[in-house]
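**Q** Following this message is one structure expressed as structure tokens.
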Amino acid sequence: MTGSVGLGLRVNARQFALLVALNALVGGMVGLERSVLPLVGKQDFGLSSTSAILTFVVAFGAAKAVTNLASGGLAERVGRKRLLVLGWLVALPVPLLIGLAPSWWFIVAANLLLGVNQGLAWSMTVVMKIDLAGPRRRGLALGLNEAAGYLGVAATAFLTGALAASYAPLTVVWVGAALLVLAGLSISVFAVRDTGPQVALEQLAHGADRSEHATLGGAFAQASLRDPILRACSQAGLVSNLNDALAWGLAPLYLAAHGASVREIAVVAAAYPVVWGAGQLATGWLSDHTGRKPLITVGMIFQAGALGLLVAGDGAFPPSLAAALLLGAGTAMVYPTLIAAVSDASQPRDRARVVGVYRFWRDFGFVLGALIAGIGADATSAQTAILIVALLTGASAMFVAVTSWQPSTALRPAAVP
């Protein structure tokens with residue numbers, strides 16, 4: 001039954017606002033670690049290898065990428081809300097593992113679970129907002145979603161960095177994680193409604209025929225290789241998260257090695273997701289009016305330039321802060337626009353699978369980024385590792401620029417009564 005169901009931000013305002021707030025909590029779980037965890041590995045657990053320290057980012061990225069892929073297919077079978085609740089249940093042991101960690105491998109295990117949490121909870125908030133918004137305001141909806149998530153990242157990154165100057169960093173992380181998990185689980189269980197009826201309503205405008213995305217295998221092949229727009233988006237998402245892995249894992253160590261204080265590192269670590277998060281309020285809306293391709297291309301050029309500035313500044317605080325602001329601006333252009341472009345290229349009933357494949361490749365960038373940053377920094381220098389990622393980002397921007405951006409007419413957004 002779809003008669004009493006509507007599409008659009010206004011008609012679904014209450015549920016949409018609830019999911020926006022919930023995604024801020026999802027993002028906050030990751031932000032807890034961004035300022036302090038690399039430094040904890042070096043100072044509290046005695047790790048001297050950058051590669052060893054960044055194993056927590058590898059574990060997080062691998063778990064999140066695989067979970068993104070699985071969640072796309074599961075969402076169509078078991079429902080969005082059930083996966084959202086499961087994501088928060090998986091996160092319940094995370095505060096305990098961090099708070100009682102006798103070795104660094106407990107931190108790595110906690111980040112495996114955190115990756116699963118993010119792959120389920122963030123994926124479902126993304127897909128459910130797309131379901132509610134309908135085709136006309138998709139960019140705006142995703143801008144609001146990603147803005148909430150990354151402002152949550154920024155807020156907790158700054159708070160943990162500031163509190164770590166007065167309290168034990170691990171204590172700050174596990175207490176914050178416990179509060180966020182309990183809040184997120186409660187909201188998901190008692191307040192969120194599944195969006196299956198909205199999917200059924202929107203699918204009516206596309207007809208009953210199944211598309212090439214109808215199975216997970218078909219969606220994977222289409223989004224990874226066959227469809228030029230989806231292929232361009234997948235590689236761009238992967239490279240964009242190379243930058244994020246570097247900013248998360250290597251940047252705090254790079255700044256600390258050049259004499260930055262914990263508070264200065266916290267400011268830089270928070271500035272990047274603040275601009276990223278707030279900027280998406282505008283860029284998501286803008287992509288609905290200017291098209292997806294220009295924002296993706298320009299945003300990735302901004303990202304590459306920001307990494308070059310970080311190296312040129314040689315770890316000094318003012319240029320590092322400027323680089324963080326520029327990186328945030330570039331990522332704000334790219335992040336919601338890529339998901340909107342992927343959504344444009346898929347039918348409503350196949351959307352969760354296609355978005356899941358895209359998010360698999362995007363978050364696999366955490367794994368590759370951590371490996372490049374860790375191995376590159378150990379083998380040569382942190383500056384060299386950052387420059388490698390900058391060059392890859394510039395090349396990715398050119399790949400998007402030369403891609404023909406003409407979606408199938410059957411998949412273009414259509415008006416839904």
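**Q** Taking the Cα atoms of the chain, what is the range of coordinates along each of the three principal axes, in descending order and whole Å?
**A** Over the chain, Cα extents along the principal axes are 60, 46, 34 Å.
**Q** Also, I was wondering about something else. Relative contact order (percent) for the stretch 332-398, with alpha-carbon contacts under 8 angstrom and 6 or more residues of separation?
**A** 17
**Q** Let's see if you can work this out: charge +1 on each Lys and Arg Cβ, -1 on each Asp and Glu Cβ, no other charges. What is the dipole magnitude of the stretch 218-361 about its Cα centre, in debye to the nearest 20?
**A** 440
**Q** Would you list the membrane-span-like helices of the chain, meaning whole DSSP H runs whose alpha-carbon atoms span at least 24 Å along their axis and whose mean Kyte-Doolittle value is at least 1.6?
**A** TM-like helix candidates: 169-190, 382-401.
**Q** Between residue 200 and residue 106, how many nm apart are label points set 7 Å from Cα along the C-beta direction?
**A** Label-label distance for residue 200 and residue 106, simple model: 4.8 nm.
**Q** If packing is taken as the average number of other Cβ atoms within 10 Å across a peptide's residues, how do 333-340, 74-81, 268-275 rank, most packed first? If you can, show how the numbers build up before the last one.
**A** Values: 333-340: 29.1, 74-81: 18.9, 268-275: 25.2.
Taking the mean over residues of other Cβ atoms within 10 Å, the ranking is 333-340, 268-275, 74-81.
**Q** Kirkwood Rh, the stretch 334-399, all Cα pairs: how many Å?
**A** Working: mean 1/r = 0.0734 Å⁻¹.
Hydrodynamic radius (Kirkwood, Cα pairs) of the stretch 334-399 is 13.6 Å.
**Q** Distance from the Cα centre of the stretch 229-292 to that of the stretch 135-179, in angstrom?
**A** After rounding, the separation between the Cα centres reads 13 Å.
**Q** Largest first, please: the extent of the C-alpha atoms of the stretch 264-406 along each principal axis, to the nearest Å.
**A** 47, 30, 27
**Q** With a 1.4 Å probe and every protein chain kept in, tell me what percent of the accessible surface of the chain is carbon plus sulfur.
**A** The nonpolar share, carbon plus sulfur, comes to 70 percent.
**Q** Right, another one. If I stretch the segment between residue 13 and residue 168 completely, what's the gain in nm (0.36 nm per residue apart, minus their alpha carbon distance), one decimal?
**A** Taking 0.36 nm per residue and subtracting the Cα distance, the gain is 51.7 nm.
**Q** What list of whole percents do you get for P(r) of the stretch 224-335, with Cα-Cα distances grouped in 10 Å bins up to the one holding the largest distance?
**A** Going from the shortest bin to the longest, the percentages are 15, 44, 28, 11, 2.
**Q** Now, a different point. Which whole number in µm²/s is D for the stretch 54-103 by Stokes-Einstein, with the Kirkwood Rh taken over Cα pairs at 20 °C and 1.002 mPa s? Write down the numbers at each step before the final one.
**A** Numbers: Rh = 12.5 Å.
My calculation gives 172 µm²/s for D.
**Q** If you build the Cα gyration tensor of the stretch 44-154 and take the root of 5 times each eigenvalue, what three semi-axes come out, in whole angstrom, biggest first?
**A** Result for the stretch 44-154: semi-axes of 30, 16, 12 Å.
**Q** Please give the peptides 254-263, 294-303 ranked by average Cβ packing (other Cβ atoms within 10 Å per residue), highest first, as a rough proxy for protection.
**A** 294-303, 254-263
**Q** If Rh is defined by the Kirkwood formula over all Cα pairs and Rg also comes from Cα, what ratio Rg/Rh do you get for the stretch 1-64?
**A** Ratio of gyration radius to Kirkwood radius for the stretch 1-64: 1.31.
**Q** List the equivalent ellipsoid semi-axes of the stretch 141-205 in whole Å, largest first, each obtained as the square root of 5λ for an eigenvalue λ of the Cα gyration tensor. Before the final figure, lay out the partial values.
**A** Numbers: eigenvalues 245, 48, 7 Å².
Working through the eigenvalues yields semi-axes of 35, 15, 6 Å.
**Q** Also, quick follow-up: If each DSSP helix of 4+ residues adds -39,500 (n - 2.57) and the sum is divided by the residues in the chain, what number results at 222 nm, nearest 500 deg cm²/dmol?
**A** It comes out at -26000 deg cm²/dmol, rounded to the nearest 500.
The values are calculated or read from the model by the stated rules, or taken from the named source; none is laboratory data. Please read these numbers as outputs of a predicted model, since none were measured by experiment. Cβ coordinates were reconstructed from backbone atoms using ideal geometry, including for glycine residues, and neighbour counts include every protein chain displayed. When the accessible area is computed, the model is the full protein with side chains, heavy atoms only, and any ligands, DNA or RNA have been set aside. Shrake-Rupley method; radii C 1.70, N 1.55, O 1.52, S 1.80 Å.
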